[in-house]
Amino acid sequence: MQAKIESLRASILDAMEKTETGRSLYELKLSFQAELKTIMGGMKDLPKEEKPAFGKIVNEFKQSMEAAFEARAAVVKQLEMEKKYAAERIDISMPGRKYKSGALHPITLVKKELIDVFSGMGFKVFEGPEIETDYYNFTALNTPKDHPARDMQDTFYLAENLLLRTQTSAGQIRVMEAENPPIKILSPGRVFRSDDDATHSPMFHQMEGLVVDKGITLCDLQGMLGEFAKRMFNERTKVRLRPSFFPFTEPSVEVDLSCSECGGKGCRLCKGTGWIEVLGAGMVNRHVLENCGVDPDEYTGFAFGMGVERIAMLKYGVNNIKTLFENDVRFLEQFED
Ligand code: PHE
């Protein structure tokens, strides 16, 4: 029996040396306890006089093993701590991880800048709906039934009378219906046209302006545009008005700015002309005023509409409108401030 105990002691101590985790030590202890139980179970078969001596041996064995387990438990705990610390070690000499922060999209930047410039001149912002009725987008804007812009090829119709607005001019009507002059509003937003090439996108942004008051003339429009050009581009930027046509303005003009790239000498950006077309404008047609219940003999007004992408392309020298919508990070990164 003594021999059996000694070999068991040796094998358990040997296994104990190899334990490195609390769990394996605990499992070893369970198997030791099971063995001990079997040994103790053998006691009942011994002659009575041998029992005390046997009991003493087993007891001594049990106590010494428990002490060994306890000692190993302290070592294992230390080992586990060391392992944990090694895993959690922070190398303070390592360069830090750089997190990229988001930034505003160039269209948002230009839109904000435009709003800044115009609110500095006293314009209030009004945002109309993107889904419009035929009435607000065309009819009230004096657009005849057979006007090409009303064609299915140019406009996205949702139902017979509902469409994705093709111009922020629809907002002019909503404002004039809701407010009495004097009116001075700026209406930014998305517009939609069935158009798709290097300079046109089916969705783009416009910024509409409308001023209605007594005695407003084309000179006011010209003066305000001159101020806008200087603030948005630079002091040397000049404005040129060319006669044009829009159903909702009379007279109507196309507005060119002197090329910001070459200063008017002529370059690739302005196709050698020195001028770049940036917006449509004009005096609000008297029929439009009448449609909104504004007396055209008492009030006059001007309106203008510009493409935000176009201004962004000019300002940042972007030559394909698609670049603004692809969301390629290498392009967008350039606008981080
Ligand atoms: N709505 C016109 C367009 O989209 C622009 C415009 C607005 C022209 C206001 C005149 C007055 O082309």
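Out of PHE118, PHE126, PHE138, which single residue is open to solvent by 40 Å² or more (accessible area, probe 1.4 Å), in the same structural domain as ASN161 (by TED's automatic domain parsing), aromatic (Phe, Trp, Tyr) and under 30 Å from ARG286 (Cα atoms)?
Values: PHE118 fails: open to solvent by 40 Å² or more (accessible area, probe 1.4 Å); PHE138 fails: open to solvent by 40 Å² or more (accessible area, probe 1.4 Å).
None of the other options fit; the residue is PHE126.
Take the conditions closer than 18 Å to ALA303 by Cα, more than 10 Å from the ligand (Cβ to nearest atom), more than 32 Å from the chain's Cα centre (by Cα) and not in a loop (DSSP other than H, G, I, E, B) and apply them to VAL212. Does it pass? Outline the logic, then answer.
Details: closer than 18 Å to ALA303 by Cα: yes; more than 10 Å from the ligand (Cβ to nearest atom): yes; more than 32 Å from the chain's Cα centre (by Cα): yes; not in a loop (DSSP other than H, G, I, E, B): yes.
For VAL212, the condition - closer than 18 Å to ALA303 by Cα, more than 10 Å from the ligand (Cβ to nearest atom), more than 32 Å from the chain's Cα centre (by Cα) and not in a loop (DSSP other than H, G, I, E, B) - is met.
Which is touching an Asp or Glu at 6+ places or on another chain (Cβ under 7 Å) and either part of a helix (DSSP H, G or I) or touching a residue at least 60 places away in the same chain (Cβ under 8 Å) (or both), of LEU79, LEU13, LEU28?
On the way: LEU13 fails: touching an Asp or Glu at 6+ places or on another chain (Cβ under 7 Å); LEU28 fails: touching an Asp or Glu at 6+ places or on another chain (Cβ under 7 Å).
Checking each option against the conditions leaves just LEU79.
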When you go through (1) modelled with pLDDT under 95; (2) within 14 Å of the ligand (Cβ to nearest atom) one by one for GLY272, which number turns out not to apply? (2)
From the list THR155, THR133, exactly one residue is of a type in the set (S, T, N, Q), within 15 Å of the ligand (Cβ to nearest atom) and in the same structural domain as GLU208 (by TED's automatic domain parsing). Which is it? THR155
Restricting to region 83-115, give me the number of residues that are over 33 Å from the mean Cα position of the chain (by Cα) and surrounded by 11 or more Cβ atoms within 10 Å (Cβ to Cβ). 1
So, VAL212, is that one among the hydrophobic types (A, V, I, L, M, F, W, C), in contact with a helix residue (DSSP H, G or I) (Cβ under 8 Å, 6 or more places away or on another chain) and open to solvent by less than 20 Å² (accessible area, probe 1.4 Å) or not? yes
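The values are calculated or read from the model by the stated rules, or taken from the named source; none is laboratory data. Nothing here was measured: the structure is a model prediction, and the numbers come from that model. Ideal geometry is used to build each Cβ from the backbone, glycine not excepted, and the neighbour counts take in all protein chains shown. Note: areas computed on protein heavy atoms with side chains; ligands, DNA, RNA excluded. Shrake-Rupley method; radii C 1.70, N 1.55, O 1.52, S 1.80 Å.
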